[in-house]
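Just so it is clear, none of the values below were taken in a lab; they were calculated from the coordinates. None of these values were measured; they are calculated from a predicted model. Neighbour counts run over all protein chains shown; Cβ positions are idealised from the backbone, glycine included.
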Ligand code: MFK
Ligand code: FAD
């Protein structure tokens, strides 16, 4: 009989994740742990079951049916089984609601759940992230009527009343440069705002609501003239006729996630706030979804690393298991170091977000959150692709073979660096955050530097920050050189 290699097994993603456990042990009060552990254990079980089930079944992708047999436009999307489970699972484990409880650790407790659910969810976390972002934008808008209408749905713990929100920004002319938005908002005779235009990427098209950027008719060009609108997509069980789904995108990865091209032809809409500065109004949403992106990128890294480590004990080469080959063990150790750095940064942002939202943050922590959010998003996005690629190599040829489930890790990881702001766009955003928050950021650094006397290993953090601000100051009068250097500056800051 030929030799048969045993497949990698996914160890329990919660009980075996010493990085997550160490963080929770350090931060979460003991009286919160039993309830939290019950959810995290269950989500870990689900993740393990989903990995095993996916190895036994044929991959499925969503299917769009635009017309019914009698010629009626229906735009029906058939989802995968995991997506159909999404509302049940999300509400049962309060994946959105947990983040909005009134205590300091709400966001950390939420993002621990997100981290464990993400890969099993087949990127159902994408619309969840956008819904969470919509909650943040609605809260920030102070629009009581819309908040009272939408938040009980978005935060529901009952699948029957739970709604998802999309984020409709990108158009054919502008994804990074949303100032080129062509969608128009026009008032009808009854005074109702209605949207007309085409949105080029809509990842939560199955959602019941969305926040959309649109230009009030006659408002002029550019970013400042855009408004931010709340829309609903359904009339009872049917999609509203003013929303047409043109096509589902055929994507490199995230294939279970239905990402659509859509047309709006008079879809009723309600402004969140003033009829201008829509990007400023949507910024709270961007910052929340970017935090989700960082946590989900780290979840991909954790999965790739867990499988590579398990395999290293199963696969033998040159007379011993791979894990006993010094160079392979060193490769895995380097990957773990990259993962732990990325994890620390992503979860630092999650904790800061919680402190700021609950009004428990010191003033300098808000500036730190504003800077670390784009840094965490951009760095973890790149790190996830690099680590997933390295992990595939740890399996040799098997890492290149579809039905091992491994190539999907790399294909899916590629998206983290693209959506929600590309690496370059976020590097430029981090320059803006640095400029806006410099005095407060200096306070944060001074506090860290004070810590350095006790923890010598932290000294390079303060030194790197100082070197970076000197570099930014030196280039202040040369915008082109500053922008050209932005990616290097951002990555240096993120790594330190
Ligand atoms: C599973 C993982 C979970 C993730 C799910 C994700 C699903 C995917 C969904 C998407 O991809 S949705 C589309 C996401 N699109 C983007 O992220 C757009 C990327 N482009 C940018 O971020 C640009 O930097 C931006 C459009 C914001 C800038 O454009 P402009 O035209 O140069 O505007 P400007 O003047 O810089 O900014 C307008 C205002 O917003 C300014 O405030 P003021 O009006 O008070 O001057 C900015 O300070 C403010 N602003 C911009 N970004 C901000 C921000 N404020 C706070 N935080 C930010 N991040
Ligand atoms: P462009 O803006 O054309 O960027 C092209 C390149 O130019 C990039 O490398 C970028 O970094 C670079 N670049 C742009 N400006 C600058 C600059 N000033 N300096 C230096 N470099 C620059 N959008 C939504 O609104 N809603 C969704 O639900 C949604 N879902 C998505 C799902 C998937 C799977 C994907 C892949 C995308 C989704 N998007 C969504 C769109 C996504 O947010 C955009 O693709 C992204 O913001 C980039 O915009 P773009 O495609 O227009 O690229």
Approximate spin-label separation residue 198-residue 496, in nm, with each point projected 7 Å along Cα-to-Cβ: 4.6 nm
Residue-averaged [θ]222 nm for the chain, counting only DSSP H segments that reach four residues, each worth -39500 (n - 2.57): -18000 deg cm²/dmol
Part-to-part distance (alpha-carbon centres) for region 437-496 and region 210-241, which is given in Å: 39 Å
Residue 451 versus residue 74: modelled label distance in nm, points set 7 Å from Cα along the beta carbon direction: 5.7 nm
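Ranking request for peptides 363-370, 248-255: highest mean number of other beta-carbon atoms within 10 Å first, then the rest in descending order. Working shown, then result.
Details: 363-370: 19.6, 248-255: 16.0.
Highest mean packing first, the order is 363-370, 248-255.
If you average the sequence gap of Cα pairs under 8 Å that are 6 or more apart and divide by the length of region 371-477, what percent do you get for the contact order?
Values: 65 pairs, mean separation 27.3, N = 107.
RCO, region 371-477: 26 percent.
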C-alpha center-to-center spacing [region 294-373, region 41-90] in angstrom: 28 Å
Whether the chain is rounded, prolate or oblate, judged on the alpha carbon gyration tensor where a/c under 1.5 counts as rounded: oblate
Segment residue 15-residue 140, extension gain: residue separation times 0.36 nm, minus the distance between their alpha carbons: 41.3 nm
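Taking 0.36 nm per residue of sequence separation and subtracting the Cα-Cα distance, how much length would be gained by fully extending the chain between residue 177 and residue 65, in nm to one decimal? All intermediate terms of the calculation are to be shown ahead of the outcome.
Numbers: separation 112, 0.36 × 112 = 40.32 nm, distance 3.19 nm.
The residue 177-residue 65 span can extend by a further 37.1 nm.
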Label-point separation in nm, residue 240 to residue 458, each point 7 Å along Cα→Cβ: 5.0 nm
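So if we plug the beta-carbon distance of residue 358 and residue 45 into 1/(1 + (r/R0)^6) with R0 = 25 Å, what FRET efficiency do we get, rounded to 0.05?
Working: r = 30 Å, r/R0 = 1.21.
That gives a FRET efficiency of 0.25.
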Relative contact order %, the chain, counting alpha carbon pairs below 8 Å whose residues are six or more apart: 14 percent
Protection proxy ranking of 194-201, 110-117 - average other beta-carbon atoms within 10 Å, highest first: 110-117, 194-201
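Is the shape of region 1-130 best called rounded, prolate or oblate, per the rule: a/c under 1.5 gives rounded, else a/b larger than b/c gives prolate, else oblate, with a ≥ b ≥ c the square roots of the Cα gyration tensor eigenvalues?
Values: a/c = 3.51, a/b = 1.29, b/c = 2.72.
Oblate, because a/c is 1.5 or more while a/b does not exceed b/c.
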Cα centroid separation - region 377-402 against region 159-205, whole Å: 34 Å
Cα pair distances of region 437-495 binned at 5 Å [whole percent]: 4, 18, 24, 24, 15, 8, 4, 1, 0
